Amino acid sequence: MSGVVIRPGRRDAGALVTALIFVPPAVLLFTIFVILPLGEAAWFSLFNWNGLGWPHIFLGLENYARLFNNDDFQTAFINNLLIIVFSIAIQLPLGLGMALLLARRAWGAVAFRLIFFLPYVLADVAAGLIFRFIFDGNYGPVSAVVQAFGGQPLFMLASPSLAFTALIIVVVWKYFGFHMMLYIAGLQGIDRQLYEAAEIDGATAFQRFRSITIPQLAPMIKLSVFFSVIGALQLFDMVIPLTGGGPFEQTNTMVSFMYNFGITRMRVGYGSAVGVVLFIVCVTFALFYQRFLMRDE
Amino acid sequence: MFKTMIGAVSIAAMMAAGPVAAEANTVIKIVHVETNPTEIALWNRIASDYEKLHPGVTVKFQYLENEAYKAKLPTMLQSRDRPAIIYSWGGGVMRAQIAAGYIRPLGPEGQAVMAKMIPADAHAYEVNGKDYGLPFLTSEVAFFYNKKLFAKAGVDASQIKTWDDFLAAVKKIKAAGIIPISVGGGEKWPMHFYWAYLAMREGGANVVQQAETGKDGGFDSKPFIEAGQRLQELSALHPFQPGYVGTMALQAAGQFGDGKSAMQLMGNWLLSTQATSSTSGKGLPDSDLGIFGFPTIAGTPGRETDQLGGVNGWLITKDAPPQAEDFLAFFFQPKYQEQAAAEGDYIPALKGMTSYIKDPIVRQIADSLENATALQIFFDQDLGPSVGRVVNDVSVAVAADQMTPKAAARQVESAWKDAQQ
C-alpha cells in the first residue's frame, strides 16, 4: 500500500503549489467585486439612508417589511414570475420549433437563422426604444393595423391592461432567437444513426421527435430554461425605455422597481433591500436547479 | 487574469502619480447638465477669459446627461475626485447634500454677488440662515397656448382668470374638435405641475412650508385633497391627448409644436422644446404662441402672482480650491449675464437683466417673475426625490382616476414622514 501512496502524494504537492499560485488572485477578485458589495448591500438594507455620508438611521428589518407590504413591489414580483412563465411557455417552444425547421441544411436556413438571431444581438435599450415607436398610438404600425380594421388608435404602452403584454411580446421577440441557436447546436450534435435506425424500425416522425430528439436535447433544454429564468429575473434595461415601469407601476420588474424606488428616490437602503431579495431569489433558484435538474451535467 | 492584475496595478500607480502632476495647476472642475449650444459657448468663453487673467488656473466645464448626473452625483461627492462646483436645482437634494457636509457656505465674495440676485432666487439657496450657492437661472411654469387654435375654438385667453373660466375654455376647445391639452404623463413630473399649482391656489403660496410643519395633518390636509379633486374636475372633461399616461415630455412638447393640441402647462423651456421636438423642427412661430398664468380659484388664498418655477444654480463643494468662489463671482458679471439674456439662453437670476431679453414671450415671463408675490420651487425638487417622486406618481394616478384625492394626499404625507426620520 505504502508504495502506491507516494506517487499520488507527489501529485498532490504539485496540485497544492498550483492551487496556491492560482487560487488567491481569483478569491481576491471574487471577494472584492462580489462578496464585499453583497455584504455592503445587505448592511445598507438595514438603514434609512439617502446615499450621502455614512448610514446611521438604523431600521433593522423594516425596509424588508415595507417592501413586502408594498403593492407595487408585489406587482413587480408577480411580473417577474409571469415573464418566466411566458418565456418558458412561448419563447422556448417557439425557439425549438424554429430550430427544428432551420437545423437542416435547407435552402435559406442559414439566412433565416441569422434573421431570427439578430434581435438578440441588439442592445436591450435599443429594442425598448424601437418598440416604444412600434406600439405608439399616433405613429406606430400596431395602432395603424388596428385602425385599418376600423378600431380607435391603440396606445398599448399607456394602457394598464395591455402594457405588460407589449413587454412580453418584446421579450419573446428579442430572446427566442438565442434559444433557437442553443437548440440548433443541440440538434446538430445528435447522432444521425439514431434516426436512421428508428426509421428502419418504422417509427413515425412524431415518435422520432418524442423518443430521440427530446431526450437527446434534454441537456440543452435544461440550460435554456435556466438562462430564460435568470434572464427574466434580471430584466431591466428593456423595461426602462419601453414603459419605465408604468403606467401606474404595472410593468415593473424587481430590478426596475429597485431603480425607480431605490436609486432615483435616493433611498439607497430600501433599494439595497430589493437587491438582497432579488439575490436570494436568484441564488435559491440557481442552487435548486443545479442540484435537481442539471446534476448530470 | 494576470493581465487584469497588471492593468489594475498600473492604474493604481497612475492614480498615485496623478495629484503630483496636478499641483502645478489649479483645476476648477464644474459639472452641469445644460445642452443649449449658445449657452455652453458663453460659459466656455467666460472660462477662457478667467484663465487669461489668472495664469495657473484651469476651468473645466464637464457635461453629464440629466438622469446620469442625478444618479452619479452622490458617488462623485463622496470620491476624492469631487468636482469643485456642481449644478443644482436647489430644494431637498441640495439640503441633503448640505446636511451630509459636502457643500461649503458662501464666503464674503459670494455673498456680495448674492446681494445682487432677485430676492426670491437668493432665498431658494438659503438654508438655516446661510447662503449655500449662487442661482443663475429662473424658470416659471405657465400655460402656453396656440393662438390659432384658440381663435378657431372661439376662446379668448385673456379672459381666463379663474379655474371655472379655464374649465369652460377646455370644454369649448374640446367641442371644436381640438385636443385641449397635451401632457407628458409618462414621465409624471409634467402632471405634478397641475397638482402643485392647484394646492398653491387652495392653500396659499406657503402651503408646502405649512404642510412641512405637520399642521392640520401636513400634506394630508384640505388644500392638497382639494387640489386632487380639482384635478379630477379637469380630467373628467378628457382634456388630454389620447394615451397621455404613456407620453414622454418631449413627445408632448412636439405635439404642441405641431399644432395638435391647444395648450400645455410647462416651464418656459417649452419655447425651445416645442420647436426642436416638432416634426418640422421649427414648431409654432412666435406669432402663434401665447401665454397665460395658472388661474385662481374663487374663495381661496392663492394669488395669480404666486408662481411655481425653478431656480437652478451652482454649489461649491467642500475642499474646493479658493478660486472656485472667485470664478463664480467672475461668472456673474453683468456683461456675461446680459449676453445670456440677450441670446435667450435663460432668464438670469441676477437683478436688472430683464431689459436685455429680446424674445417678447420670455420677456413676459421674466416680468411676471420679477412681480411674483411668491416663487415656489417645483414640488418634486423642493421636497427632495423620496417625497417628490411620490408627488409625481400620485398626480398622474389622481388625474387618471386610479387613486382618490384623499389617498394621494395621505401617500405624500406618509412619504414626507418617512423622509423626516
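The values are calculated or read from the model by the stated rules, or taken from the named source; none is laboratory data. On a predicted model such as this, the values are computed, not experimentally measured, just so you know. Cβ placement follows ideal geometry from the backbone for every residue including glycine, while neighbour counts extend to all protein chains displayed. Surface accessibility is based on the protein's heavy atoms, side chains included, excluding ligands, DNA and RNA. Shrake-Rupley method; radii C 1.70, N 1.55, O 1.52, S 1.80 Å.
Report the B-A buried area as the accessible area lost on both sides summed, probe 1.4 Å, in Å² to the nearest 100.
2400 Å²
Tabulate in residue order the Karplus-calculated ³J(HN,Hα) for segment B:208-222, using 6.51 cos²θ - 1.76 cosθ + 1.60 with θ = phi - 60°, rounded to whole Hz; enter x for Gly and Pro.
Karplus values, whole Hz, x for Gly and Pro: 5, 4, 5, 5, 5, 6, x, 5, 6, x, x, 7, 8, 9, 3.
Along each of its three principal axes, how wide is the spread of alpha-carbon positions in chain B, in whole angstrom units, largest first?
That gives 71, 50, 47 Å along the principal axes, largest extent first.
Working from Cα positions, state the angle (0 to 90°, nearest 10) between the long axis of helix B:405-419 and the longest principal axis of chain B.
With both axes taken from Cα atoms, the answer is about 20 degrees.
Output ³J(HN,Hα) for segment A:159-170: one whole-Hz value per residue in order, computed from phi by the Karplus curve 6.51 cos²θ - 1.76 cosθ + 1.60 with θ = phi - 60°, and x for Gly and Pro.
Each residue's phi maps through the Karplus curve to give 9, x, 8, 9, 4, 5, 4, 4, 4, 4, 4, 5 Hz.
Tilt of helix B:2-22 relative to the longest C-alpha principal axis of chain B, in degrees (0 to 90, nearest 10)?
Here the helix axis deviates by roughly 80 degrees.
If we count every other residue with Cβ under 13 angstrom of A:ILE190's Cβ, Lys/Arg +1 and Asp/Glu -1, where does the sum land?
Net of charged neighbours comes to +1.
Give the distance, in whole Å, between the Cα centre of segment A:141-185 and the Cα centre of segment B:365-399.
Answer, in whole Å: 36.
If amide hydrogens are placed 1.01 Å from N in the peptide plane, which non-local residues have theirs closer than 5 Å to the one on B:LYS351?
B:MET117, B:ILE118
Within segment B:264-367, which chymotrypsin sites (Phe, Trp or Tyr not before Pro) sit in a loop by DSSP and count at most 16 neighbouring Cβ atoms inside 10 Å?
B:TRP269
Roughly how many Å² of A:VAL17 are accessible to a 1.4 Å probe, to the nearest 10?
The accessible area of A:VAL17 comes to roughly 80 Å².
Putting +1 on Lys and Arg Cβ atoms and -1 on Asp and Glu Cβ atoms, find which of A:PRO141, A:PRO215, B:GLY110 reaches farthest to the positive end of the dipole of the protein assembly as shown.
A:PRO215
In whole percent, how big is the carbon plus sulfur part of the accessible area of the protein assembly as shown, probe 1.4 Å, protein atoms only?
63 percent
If you take the C-alpha gyration tensor of segment B:57-145, multiply each eigenvalue by 5 and take the square root, what semi-axes do you get, largest first, in whole Å?
22, 19, 14
Take every DSSP beta bridge whose two residues both sit in chain B, then give the antiparallel share in percent to the nearest 5.
60 percent
Provide a list, ordered by number, of residues in segment B:74-89 showing at least 10 Å² less accessible area with every protein chain present than when their chain is taken on its own, using a 1.4 Å probe.
B:PRO74, B:GLN78
In the structure displayed, which of B:LYS52/B:LYS358; B:LYS161/B:LYS282; B:LYS161/B:LYS215; B:LYS172/B:LYS406; B:LYS148/B:LYS174 lie more than 22 Å apart, Cα to Cα?
The pairs that break the limit, which is 22 Å between Cα atoms, are B:LYS52/B:LYS358; B:LYS161/B:LYS282; B:LYS161/B:LYS215; B:LYS172/B:LYS406.
Between segment B:165-210 and segment A:192-264, how many Å separate their Cα centres?
The two parts, judged by their Cα centres, are 45 Å apart.
Under the definition of Cα pairs under 8 Å and six or more residues apart, what whole-number percent is the relative contact order of chain A?
Averaging sequence separation for qualifying contacts and normalising by length gives 28 percent for chain A.
What list of ³J(HN,Hα) couplings, whole Hz, do you get for segment A:120-129 from phi and the Karplus terms 6.51, -1.76, 1.60, once you set θ to phi - 60° and write x for glycine and proline?
Here the 3J(HN,Hα) series is 5, 6, 5, 5, 4, 4, 5, 4, x, 5 Hz.
Skipping prolines and chain starts, which residues have an amide H placed within reach, meaning under 5 Å, of the one on B:LYS60, given they are 5 or more residues away or on another chain?
Counting only residues 5 or more places away or on other chains, the set is B:ILE28, B:LYS29, B:ILE30.
List for segment A:228-257: residues with 50 Å² or greater reduction in accessible area, all protein chains versus chain alone, probe 1.4 Å?
A:PHE248
What percent do you get for the relative contact order of segment A:1-124 when only Cα pairs under 8 Å and 6+ apart count?
The value is 9 percent.
With a cut-off of at most 14 other beta carbons within 10 Å, and DSSP calling the residue loop, which chymotrypsin sites (Phe, Trp or Tyr not before Pro) in segment A:119-228 qualify? Please list them.
Within segment A:119-228, the qualifying chymotrypsin sites (Phe, Trp or Tyr not before Pro) (loop, at most 14 other Cβ atoms within 10 Å) are A:TYR139, A:PHE149.
Please give the charge dipole size of the protein assembly as shown, origin at the Cα centre, charges +1 on K and R Cβ atoms and -1 on D and E Cβ atoms. Round to the nearest 20 debye.
Dipole magnitude for the protein assembly as shown comes out near 1640 debye.
Arrange the residues A:MET294, A:MET238 by how much accessible surface each exposes, largest first, with a 1.4 angstrom probe.
The most accessible residue leads, giving A:MET294, A:MET238.
Round to a whole angstrom and tell me the spacing of the C-alpha centers of segment B:72-141 and segment B:257-321.
About 23 Å separates the Cα centre of segment B:72-141 from the one of segment B:257-321.
A:LYS222: which aspartates and glutamates have alpha carbons under 20 Å from its alpha carbon, excluding same-chain residues fewer than 8 sequence positions away?
Here the aspartates and glutamates satisfying the reach criterion relative to A:LYS222 are A:ASP191, A:ASP296, A:GLU297.
Hey, can you find the accessible area per residue of segment A:111-185 for me, probe 1.4 Å, expressed in square angstrom?
Per-residue accessible area for segment A:111-185 comes out at 47 Å².
If amide hydrogens are placed 1.01 Å from N in the peptide plane, which non-local residues have theirs closer than 5 Å to the one on B:GLY283?
The answer is B:SER278.
How big is D, in µm² s⁻¹, for the protein assembly as shown by Stokes-Einstein at 4 °C and 1.567 mPa s if Rh is the Kirkwood radius over C-alpha pairs?
44 µm²/s
When the gyration tensor of segment B:341-397 is built from Cα positions, what are the square roots of 5 times its three eigenvalues, in whole Å, from largest to smallest?
Listed largest to smallest, the semi-axes of segment B:341-397 are 30, 12, 11 Å.
In a GNM of chain A with a 10 Å cut-off on Cα contacts, which of A:GLY150, A:GLY275, A:GLY137 has the highest mean-square fluctuation?
Maximum fluctuation in the GNM of chain A, among the listed residues, is at A:GLY150.
Cβ under 12 Å from A:ILE263's Cβ, A:ILE263 left aside: what net charge do those residues give with Lys, Arg +1 and Asp, Glu -1?
Summing Lys and Arg as +1 and Asp and Glu as -1 gives +4.
With heavy atoms of protein chains only and a 1.4 Å probe, what residues of segment B:245-273 have at least 20 Å² less accessible area in the full set of chains than alone?
By number: B:VAL245, B:GLY246, B:MET248, B:GLN251, B:GLN255, B:LYS260.
What residue among B:LEU234, B:ALA120, A:PRO119 has its Cα farthest toward the positive end of the dipole of the protein assembly as shown, where the charges are +1 on Lys, Arg and -1 on Asp, Glu, each on the Cβ?
A:PRO119
Any idea what the relative contact order of chain B is, in percent, if you count C-alpha pairs under 8 Å spaced at least 6 apart?
24 percent
Using only helices, what value at 222 nm comes out for chain B when you add -39,500 (n - 2.57) per DSSP H run of length 4 or more and divide by the total residues, to the nearest 500 deg cm²/dmol?
It lands at -15000 deg cm²/dmol.
Where Lys and Arg each count +1 and Asp and Glu each count -1, what net charge lies around B:GLN420 among other residues with Cβ under 13 Å from its Cβ?
Local charge sum for B:GLN420: -1.
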